[in-house]
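Right, one structure below, let's go through it.
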Amino acid sequence: MTTGACEIIWFAGLIAWYAIRYPFERRAKKVAISKSHFGRRESVLLAIAFACLWIVPGVYALTGFPRALERPLVPGIAYLGVATLCGALWLFYRSHRDLGRNWSISLEIRNEHRLVTSGVYRLIRHPMYSSFFLLAFAQLLLLPNWFAGASGLVGIGLLYAFRIRQEERMMLDHFGADYRDCMPRTKRLIPWVL
């Protein structure tokens with residue numbers, strides 16, 4: 001395992017991530033939105049997450065910047081990164097598949113939106129965020145640079161921290177008692193833990 005191989009694996013994972021999302025995004029656009037919380041704050045958070053997961057690692061892979069924050073590549077850690085990346089992609093796919101036409105890139109309620117409590121949603125309420133955190137952790141394990149590796153965790157952490165309360169409030173407002181009943185049975189990110 002080399003740094004170049006890790007970079008290629010990382011970017012292949014990002015391409016797979018987009019390939020998973022694209023058909024669901026196309027289908028979701030066909031379903032009208034009844035309520036949207038998309039605004040400037042949401043745009044900024046999504047841009048930060050994108051920069052931390054795509055742009056920062058891309059600059060690192062193409063230029064090696066910042067070299068001062070390089071760390072030794074440990075093959076065992078890199079292989080753990082590959083496994084984590086695979087887990088992130090699987091969970092990302094399952095969360096999209098289970099949501100179906102209810103999915104949106106932003107905080108939106110679609111016409112005929114239904115509360116999904118099956119599949120991965122029977123264990124966690126926000127598996128897409130869980131997949132993002134796994135993706136960011138894989139980035140840290142695969143890219144042997146403290147800045148480029150950790151930037152994904154920073155971006156996703158900010159997205160989650162500034163979005164989750166608003167998302168849960170939106171779900172409670174729309175689904176009421178059904179969502180409130182679901183909350184004690186599920187965790188936000190990690191089954192039975194968090």
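List of remarks:
- In Å², nearest 10: area of Met170 left accessible to a 1.4 Å probe: 10 Å²
- Helical contribution to [θ] at 222 nm, DSSP H n ≥ 4, -39,500 (n - 2.57), averaged over the chain, rounded to 500: -21000 deg cm²/dmol
- Once the mean of 1/r is taken over each pair of separate Cα atoms and inverted, region 80-194 shows a Kirkwood hydrodynamic radius of 14.9 Å.
- Average accessible surface for region 152-194: 61 Å² per residue, computed with a 1.4 Å probe over protein heavy atoms with every protein chain in place.
- Computed on the Cα atoms alone, the convex hull of region 1-105 gives a volume of 113 cubic angstrom per residue.
- Highest mean packing first, where packing is the average number of other Cβ atoms within 10 Å per residue, the peptides 76-85, 142-151, 12-21 line up as 142-151, 76-85, 12-21.
- Relative to one another, the C-alpha centroids of region 94-138 and region 1-16 are positioned 25 Å apart.
- The phi-based Karplus calculation (6.51 cos²θ - 1.76 cosθ + 1.60; θ = phi - 60°) puts the 3J(HN,Hα) values of region 140-157 at 4, 6, 8, 9, x, 8, 4, 6, 5, x, 7, 4, x, 5, 5, x, 6, x Hz, whole numbers, x for Gly and Pro.
- Charge context of Val31, other residues only, Cβ under 9 angstrom, K/R +1, D/E -1: +4
- Applying a DSSP loop filter and a limit of 13 other Cβ atoms within 10 Å to the trypsin sites (Lys or Arg not before Pro) in region 109-144 leaves Arg114.
- Per residue, the Cα convex hull of region 101-159 amounts to 94 Å³.
- By a 1.4 Å probe calculation restricted to protein chains, Trp54 has an accessible surface near 70 Å², given to the nearest 10.
- GluC sites (Glu not before Pro) restricted to DSSP loop in region 54-132 with at most 14 other C-beta within 10 Å: Glu112
- In the complete set of protein chains, residue-level accessible area for Cys182 is approximately 10 Å², probe 1.4 angstrom.
The values are calculated or read from the model by the stated rules, or taken from the named source; none is laboratory data. Just so we're clear, the structure is a prediction, and the values are computed from it rather than from any experiment. Counting neighbours? That spans all protein chains shown, and the Cβs are built from the backbone with ideal geometry, glycine included. Please note that ligands, DNA and RNA were not included when accessible areas were found on the heavy atoms of the full protein model with its side chains. Shrake-Rupley method; radii C 1.70, N 1.55, O 1.52, S 1.80 Å.
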